[in-house]
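First the structure, in the form of structure tokens, and then the observations on it.
The values are calculated or read from the model by the stated rules, or taken from the named source; none is laboratory data. These figures come from a predicted structure and were not determined experimentally. Methodologically, a virtual Cβ is constructed for each residue, glycine included, from the backbone with ideal geometry; neighbour enumeration extends over all protein chains shown. Quick note on the areas: whole protein, heavy atoms, side chains included, nothing else; ligands and nucleic acids left out. Shrake-Rupley method; radii C 1.70, N 1.55, O 1.52, S 1.80 Å.
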Amino acid sequence: MKSLTPIELRHKLHQNPELAFNEFETTKLLIEQISSLPGSDKLKIHTPFPTGLLVEYAVNKNEYLMFRADIDALPIKEENDIVFKSENECMHACGHDVHTSILYSFLLEVLENEADQNILFLFQPAEEAGGGAMEFYNTGVFKQFNIKNAFALHVTDEYPQGTIACTNGVLFASALEIDIEFTGEAAHVAFPNEGKNAFNALRKFMDAKDELQKKYTSKILVGLGKFTSGTVRNIAPGFAKIEGSIRGESSKLVLEYLDKLQNVLNDIEKATGVKSKIIKGAHYPEVVIDAQLYRKLVPVLSDEFSFIDCRLKMTGEDFGFFSHKFPSFMFWLGTSKGERYGLHNSKFLPSDEMIEVGKSVFTKILNSFW
């Protein structure tokens with residue numbers, strides 16, 4: 001079987017996006033393509049989890065470098081008019097099709113050049129939801145490897161094409177998914193005193209949350225994106241729900257702020273009689289850039305690419321889990337040619353050219369270890 005080129009792979013992935021923990025066809029495709037590559041006899045493919053794969057390239061008994069790409073998509077309907085447009089209701093609106101194709105292209109180059117370095121290529125499931133990094137790590141597959149460093153990138157149209165953005169220390173925030181449920185008693189709108197309006201409690205929470213954030217001086221952000229309440233127009237709702245996330249400079253700070261939100265809810269329950277509870281979802285630790293790697297790689301990458309110190313971003317990324325296990329270096333890779341849609345947008349579409357650019361960055365990183 002003739003293997004796909006990196007661009008052909010990108011188009012196939014983009015047309016067939018799959019959500020977190022459901023990347024079965026994506027995983028199957030990657031295994032088929034990698035197994036058909038010239039030199040694939042030098043590889044060992046590990047599949048310890050139902051989706052995703054770890055590809056081992058070993059030349060000696062020394063340490064490994066790990067390069068990671070995420071493979072899952074988002075429940076977003078694509079609006080781009082392109083020949084490889086998504087064929088279902090999901091979309092690679094965060095560029096994971098590009099990340100995967102970059103790593104695939106990098107793997108091709110490693111095989112072609114017979115690189116004299118042990119490397120792990122991680123095609124990771126479920127970055128967008130559910131903490132796939134931790135789930136994959138907890139399979140124990142990494143125990144057999146002495147991993148020296150871990151690397152990853154994320155495309156973004158915040159920066160011009162080919163620009164690299166990173167910082168020394170915390171690059172991406174710790175992010176905790178939260179749902180907040182309010183349970184009162186429904187009542188006809190003509191007799192509001194007979195019920196306990198859950199939506200009113202939700203409104204009070206929103207006002208109190210805004211006031212709390214004004215007083216909080218630490219780097220913290222509460223992002224609330226989905227609100228659910230009510231069934232019909234003439235019944236005051238007995239249930240309401242918020243879905244969102246807390247983001248901060250550290251996991252410790254996020255959990256401290258969560259306690260403050262719980263205190264706010266306790267006060268609202270006393271005032272309204274509406275009960276509430278916080279349901280914690282996936283908690284991504286902050287992405288920490290290793291200081292030694294930062295000092296080593298900034299001059300290396302600045303030789304060829306525009307390099308920006310972007311400071312802390314409130315983006316959540318579950319590569320943070322790996323950055324707490326191995327000294328790590330992750331970076332933004334700019335894609336913009338003037339457009340600016342942002343991540344998780346139905347029109348976010350990095351150019352195919354980014355595959356070669358991303359591969360070149362990974363190659364420079366690899367060569368700096370020789």
Put +1 on the Cβ of each Lys and Arg and -1 on the Cβ of each Asp and Glu in segment 14-143; which of 84, 100, 74 then has its Cα farthest toward the positive end of the dipole? 100
Per residue, what volume in Å³ does the convex hull of the Cα atoms of segment 130-281 enclose? 175 Å³
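Please list the helices of the chain that count as membrane-span-like by this rule: a mean Kyte-Doolittle hydropathy of at least -1.0 together with Cα atoms stretching 24 Å or more along the helix axis, each helix being a complete DSSP H run.
96-113, 198-215, 251-272
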Could you sort out which of 209/277; 44/313; 204/280; 219/325; 219/364 sit more than 26 Å apart by Cα distance in this structure? 44/313; 219/364
Inter-label distance for residue 194 and residue 364, nm, one decimal - labels placed 7 Å from Cα along Cα-to-Cβ: 7.1 nm
Given the peptides 58-64, 70-76, 162-168, arrange them by the average over their residues of other C-beta atoms within 10 Å, most packed first. 70-76, 162-168, 58-64
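By average Cβ neighbour count within 10 Å, what is the ranking of 169-177, 348-356, 43-51, 221-229 from highest down?
Packing order, densest peptide first, comes out as 169-177, 348-356, 43-51, 221-229.
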For the chain, what's the relative contact order in percent, using C-alpha pairs closer than 8 Å and at least 6 residues apart? 24 percent
Label points 7 Å out from Cα along the Cβ direction at residue 231 and residue 109: separation in nm? 5.9 nm
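Given the rule -39500 (n - 2.57) for each run of at least 4 DSSP H residues, summed and divided by the residues of the chain, what is its mean residue ellipticity at 222 nm, to the nearest 500 deg cm²/dmol?
Here the helix-only value at 222 nm equals -10000 deg cm²/dmol.
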By per-residue mean of other Cβ atoms within 10 Å, what is the highest-first order of 362-369, 246-253? 246-253, 362-369
Counting only protein heavy atoms and using a 1.4 Å probe, what share of the accessible area of segment 1-117 belongs to carbon plus sulfur, as a whole percent? 49 percent
Using alpha carbon centers only, segment 282-312 is separated from segment 65-132 by a whole-angstrom value of 20 Å
With +1 on each Lys and Arg Cβ and -1 on each Asp and Glu Cβ, how big is the dipole of segment 232-338 about its Cα centre, in debye rounded to the nearest 20? 440 debye
When the dipole is taken about the Cα centre of the chain, and only Lys, Arg (+1) and Asp, Glu (-1) are charged at their Cβ, what size is it in debye, to the nearest 20? 1080 debye
What number does the chain give for Rg over Rh if you use C-alpha atoms and the Kirkwood radius? 1.03
The distance between the Cα centres of segment 173-201 and segment 343-370, in whole Å, is 45 Å
Rounded to 5, the percent of DSSP beta bridges in the chain classed as antiparallel: 65 percent
